[in-house]
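Student: The structure's right below; bear with me while I get my questions together.
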C-alpha cells in the first residue's frame, strides 16, 4: 500500500517531512511508483543529491527488486564512486546494467525535486532482459517492452 493511501488525512508536506526523516536516518530512501496500465512500475532514490551525487532510477522492475538494486547502487555511490553514463555493470546473480543519464530528472523524480530543486541530476540503471537484450532492441523481453529509458545512451 502507498503512504498516501495509508494516511489519507495527511498532506504532501506531511509526506515530505516523513521523507526528510527517513533520509536523515538512513542517508537516502527509495521511492517506489506502482504500475498503472500501461505504465510499468519504477523507483528512484531520494537523498543522494545532498551528497552532491546523482539520484538513481530503475524502471520496469517489480518494486522489491528495484529497491534492492537502487539501495545497493546508492551505497556504492556514497562509499566509492557513482556510476558513469555509458558504464556497463554486471550484477552478481542478476542482469547486466547500463547507466543512462536522465534527460529531464525534474519530470520524473517529483519528491527528490521537491526537496533538492529542479536542477538535480539522475542516472537510470537500465537492465538487460534474461537473454541479455537491451530495451532499445526490438526483441527485448521478446517484444513485450516494459522498461522505458528516460534518457539518451552515452556513446564513447
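Student: Label-point separation (nm) for residue 91 and residue 15, each offset 7 Å from Cα along Cα-to-Cβ?
Tutor: Rounded to a tenth, the inter-label distance reads 2.5 nm.
Student: I'd like the distance between the alpha-carbon centres of the range 111-156 and the range 58-75, rounded to an integer number of Å.
Tutor: Centre-to-centre (Cα) distance: 12 Å.
Student: Tell me, in nm to one decimal, what length is gained between residue 7 and residue 81 on full extension, where the rule is 0.36 nm per residue of separation less the Cα-Cα distance?
Tutor: Full extension from residue 7 to residue 81 adds 23.0 nm.
Student: Using the number of other C-beta atoms within 10 angstrom as an exposure proxy, rank 89, 46 with the fewest first.
Tutor: With the sparsest Cβ surroundings first, the list reads 89, 46.
Student: In addition: By counting other Cβ atoms within 10 Å of each Cβ, how are 101, 17, 68 ranked from fewest to most?
Tutor: Fewest to most other Cβ atoms nearby, the residues stand as 17, 68, 101.
Student: Then there is this: For the chain, find the longest principal axis of its Cα atoms and tell me its angle to the long axis of helix 63-79, 0 to 90°, nearest 10.
Tutor: Roughly 80 degrees between the two axes.
Student: Can you tell me which of 104, 119, 55 moves the most in a GNM of the chain? Springs connect C-alpha atoms under 10 Å apart.
Tutor: 119
Student: Continuing with the same structure: Give me the percent relative contact order of the range 3-143, please, defined on Cα pairs under 8 angstrom at least 6 residues apart. Display every interim value, and only then the final one.
Tutor: Numbers: 216 pairs, mean separation 25.0, N = 141.
18 percent.
Student: Now a separate question. Tell me the label-point distance for the pair residue 142, residue 110, using the 7 Å Cα-to-Cβ offset, in nm and rounded to one decimal.
Tutor: Placing both labels 7 Å beyond Cα along the Cβ direction yields 3.4 nm.
Student: Using the Cα gyration tensor of the range 6-45, with a ≥ b ≥ c the square roots of its eigenvalues, what is the shape: rounded (a/c below 1.5), prolate (a/b larger than b/c) or oblate (neither)?
Tutor: oblate
Student: Mind telling me which of 137, 49, 106 comes out most flexible in a GNM of the chain, alpha-carbon contacts under 10 Å?
Tutor: Looking only at 137, 49, 106, the largest GNM fluctuation is found for 137.
Student: If you take every DSSP beta bridge whose two residues both sit in the chain, what share of them, in percent to the nearest 5, is antiparallel?
Tutor: 85
Student: A follow-up question, please. In a GNM of the chain with a 10 Å cut-off on Cα contacts, which of 118, 90, 41 has the highest mean-square fluctuation?
Tutor: Top of the fluctuation ranking is 90.
Student: Turning to a different aspect of this structure: Only counting other Cβ atoms within 10 Å, I'd like 88, 76 sorted with the fewest neighbours first.
Tutor: Working: 88 11, 76 14.
If I rank by nearby Cβ atoms, fewest first, I get 88, 76.
Student: Label the range 6-140 by shape, choosing from rounded, prolate and oblate, from the square roots a ≥ b ≥ c of the eigenvalues of the Cα gyration tensor; if a/c is under 1.5 it is rounded, and otherwise prolate applies when a/b is larger than b/c, oblate when it is not.
Tutor: prolate
Student: What full-extension length gain, to one decimal in nm, is calculated for residue 131 and residue 39 as 0.36 nm per residue of separation minus the Cα-Cα distance?
Tutor: On the way: separation 92, 0.36 × 92 = 33.12 nm, distance 2.25 nm.
That pair, residue 131 and residue 39, stretches by 30.9 nm at full extension.
Student: Summing -39500 (n - 2.57) over the DSSP H runs of n ≥ 4 in the chain and dividing by its residue number, what mean residue ellipticity at 222 nm do you reach, to the nearest 500 deg cm²/dmol? Write down the numbers at each step before the final one.
Tutor: Values: 4 runs with 43 residues, N = 156.
Taking each H run of at least 4 residues, the total per residue is -8500 deg cm²/dmol.
Student: Given labels modelled 7 Å from the Cα in the Cβ direction, how far is it in nm from residue 51 to residue 22?
Tutor: My value for the distance between the label points is 1.7 nm.
Quick note: the coordinates plus some simple rules give every number you see, no bench work behind them. All values derive from a computational prediction rather than experimental measurement. When we count neighbours, we look across all protein chains shown, and the Cβ atoms used for this are built from the backbone with ideal geometry, even at glycine.
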